[in-house]
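The structure under discussion appears below in the form of C-alpha cells.
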Amino acid sequence: MTCGNCDSALTQREWRAGHTDPYCPRCHAFWADPKVLALVRVHRRIPPSSVVSLVYEPNGTDHHDVILRVATWAHRSDSYYYVLDHPVGQEPDPVAAIRALLVGWQAAVEACADGEVAWLAHHFSDRYSGWLRCLRRGDAFEIVDGWAGLEGWAFYPSDFAKVVGRLDDFTPHHDFGEPVRVARQQLLADIQASVSTLDDGAQ
C-alpha cells in the first residue's frame, strides 16, 4: 500500500491510543480510511515543482481535496469552507476562493519585514484553523505548519488577513520537524506556481 500524496510505502503507526493506522513516513500523513485513499488517488493532480504549494484536487465531495506541501510534508484538508466563500447572489466558486487566498499569501509575504511573521491560512475546520508560520530572517523565511484555536467558520479564506491579530495560540504539528528555510523570492515564485496550477485545473 502506498501514500496518496507521495507514493511512498505506508507503515503502521499508532495515531490514537491503542489504535494503529497506515502512515506515510515521508509526508507524515495517516490513511485511516481506505475509501479516502482510493478517492485521493483517482483525483490527484501533479503538484508544481515547488518547496511550498497549495493544490486543489476537486473530487465532487468538498473533502480531502486541498493539499498543502512544504518540502516533503503534506497536509490534506477540505474545500468545504472555500465553497462557502463567495459574494451574495453568486454561485459557489472554490477555485476563485483558493485563488483569493493565494493572492493573500503573496501580499502577506511581500509585506513581511525582517524579523516579522507572515501568517498564511490554509486549513479551515469547525474547531480550529491551519496556518503556515513564516518567520522572515533576512532574505529567507523559516516555515512551520501548525494550527490555532481560531475556528475556520469565523472568517472566510479570502479575508484571512483580517484575523491574523487573533492568532495567540499557534501550535506546530508535532511531526513537522525543523522549520523549512525558503528564500523570499523562491516563496513568492512558489505561490505564483500554485496559482498557475489552480488556473490550469480550472474548468
Candidates Gly152, Gly165, Gly89, Gly138 - the one that is touching a strand residue (DSSP E or B) at 6+ places or on another chain (Cβ under 8 Å) and either small (Gly, Ala, Ser) or within 25 Å of Thr61 (Cα to Cα) (or both): Gly152
Of all residues in the stretch 45-58 being crowded, with 16+ Cβ neighbours inside 10 Å and not aliphatic (A, V, I, L, M), the one that is nearest to the chain's Cα centre (by Cα): Ser53
Boolean, Gln203 is more than 17 Å from the chain's Cα centre (by Cα), at pLDDT 95 or above and either surrounded by fewer than 14 Cβ atoms within 10 Å (Cβ to Cβ) or in a helix (DSSP H, G or I) (or both): no
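Residues are listed down the side, and each one gets a yes or a no for (1) under 27 Å from Asp93 (Cβ atoms); (2) part of a loop (DSSP other than H, G, I, E, B); (3) touching an Asp or Glu at 6+ places or on another chain (Cβ under 9 Å); (4) not aliphatic (A, V, I, L, M):
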{"position": "Gly4", "(1), (2), (3), (4)": "yes, yes, no, yes"}
{"position": "Glu14", "(1), (2), (3), (4)": "no, no, yes, yes"}
{"position": "Thr20", "(1), (2), (3), (4)": "no, no, yes, yes"}
{"position": "Cys27", "(1), (2), (3), (4)": "no, yes, no, yes"}
{"position": "Leu37", "(1), (2), (3), (4)": "no, no, no, no"}
{"position": "Arg41", "(1), (2), (3), (4)": "yes, no, no, yes"}
{"position": "Arg45", "(1), (2), (3), (4)": "yes, yes, yes, yes"}
{"position": "Pro48", "(1), (2), (3), (4)": "yes, yes, yes, yes"}
{"position": "Gly60", "(1), (2), (3), (4)": "yes, yes, no, yes"}
Residues within the stretch 123-150 that are within 15 Å of Val163 (Cβ to Cβ) and in contact (Cβ under 8 Å) with a residue 60 or more places away in the chain, tallied: 2
Filter result for Asp85 (touching a helix residue (DSSP H, G or I) at 6+ places or on another chain (Cβ under 6 Å), under 24 Å from Arg127 (Cα atoms) and of a type in the set (D, E, K, R)): yes
Candidates Leu68, Leu150, Leu120, Leu101 - the one that is in a helix (DSSP H, G or I) and either modelled with pLDDT of 95 or more or not small (Gly, Ala, Ser) (or both): Leu101
Lone qualifier among Gly60, Gly89, Gly115 - being under 20 Å from Leu132 (Cβ atoms), of a type in the set (Gly, Ala, Ser) and in the same structural domain as Asp145 (by TED's automatic domain parsing): Gly115
Contacts under 8 angstrom Cβ, first residue in the stretch 35-57 being within 13 Å of Ala189 (Cα to Cα) and modelled with pLDDT of 95 or more, partner aliphatic (A, V, I, L, M) and part of a loop (DSSP other than H, G, I, E, B), 6 or more apart: Val51/Ala71
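The values are calculated or read from the model by the stated rules, or taken from the named source; none is laboratory data. Source: prediction; values computed, not measured. Positions of Cβ are backbone-derived with ideal geometry, glycine not excepted, and every protein chain shown enters the neighbour counts.
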